[in-house]
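This report concerns only the one structure given below.
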Amino acid sequence: MSEDVELDYNELFQEAQKKAYRFLMRDVLEIVAELGDAPGEHHFFIEFATGAPGVVIPDHLKEQYPERMTIVLQHQFEGLTVDDDKLGVTLWFKGKEARLEVPFNAVTQFADPSAQFGVSFDAAAPVEETEGSEPEAAAEAAEGEEDGAPEEHKGEGADIVSLDSFRKK
């Protein structure tokens, strides 16, 4: 029976690499949780599958984002908690507070534009950002804002963005 088994080193390497990047993401978020805020200019775009097992988000957000959602941890977040297998955070969407819990296995992309670092968990290697390619806020998040960018005050709303600019083409 062992004669029929092939070891696919490429697949095993890709899975190990994904695990390493998830550990890196967890470690970065643990540092931010300990500090109570992101240091310096660091901020994080986290895209996740909203229907993945263990994801806890309010129903209205699940309806609005049935497949994937991107959150930004910059100025408008509180109560960041990090466990071995998930993160929890309080954000505001159109002035309404929402607590989200996201297992790390549900995260599909993680980026820190200030460090020009990004990784897609659908791909084996980190995604490199080119200068000036920071994702733009989605229209839904900027609704009611005159210049299309939400003001940077807690409780006023969270940015929801597309990370297409971080994907390798």
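The values are calculated or read from the model by the stated rules, or taken from the named source; none is laboratory data. In this text, all values refer to a predicted model and were calculated from it rather than measured experimentally. Note: ideal-geometry Cβ built from the backbone for every residue, glycine included; neighbour counts use all protein chains shown. Each accessible area value is taken on the protein alone, full model and side chains, heavy atoms only, with ligands, DNA and RNA left out. Shrake-Rupley method; radii C 1.70, N 1.55, O 1.52, S 1.80 Å.
Filtered by the rule that a residue be more than 16 Å from the chain's Cα centre (by Cα) and small (Gly, Ala, Ser), segment 33-44 gives Gly36, Gly40. Please work out which residue is modelled with the lowest pLDDT, limiting yourself to segment 1-26 and to residues that are open to solvent by 70 Å² or more (accessible area, probe 1.4 Å) and among the polar types (S, T, N, Q). Among them, the one singled out is Ser2. Within the option set Glu47, Glu30, Glu11, Glu67, being over 18 Å from the mean Cα position of the chain (by Cα) and of a type in the set (Asp, Glu) holds for one residue only, Glu11.
Considered as a group, the residues in segment 49-59 that are over 17 Å from Phe77 (Cα atoms) and in contact (Cβ under 8 Å) with a residue 12 or more places away in the chain include one that is most open to solvent (accessible area, probe 1.4 Å), and that residue is Pro53.
What about Val82, is it surrounded by 19 or more Cβ atoms within 10 Å (Cβ to Cβ) and either in contact with a strand residue (DSSP E or B) (Cβ under 6 Å, 6 or more places away or on another chain) or of a type outside the set (D, E, K, R) (or both)? Answer is yes for this residue.
Taken over segment 27-41, the criterion of being in contact (Cβ under 8 Å) with a residue 60 or more places away in the chain and buried (at least 18 other Cβ atoms within 10 Å of the Cβ) is satisfied by Val28 alone. Reported count of residues in segment 61-72, each being within 17 Å of Trp92 (Cα to Cα), touching a residue at least 12 places away in the same chain (Cβ under 8 Å) and open to solvent by 50 Å² or more (accessible area, probe 1.4 Å), is 2.
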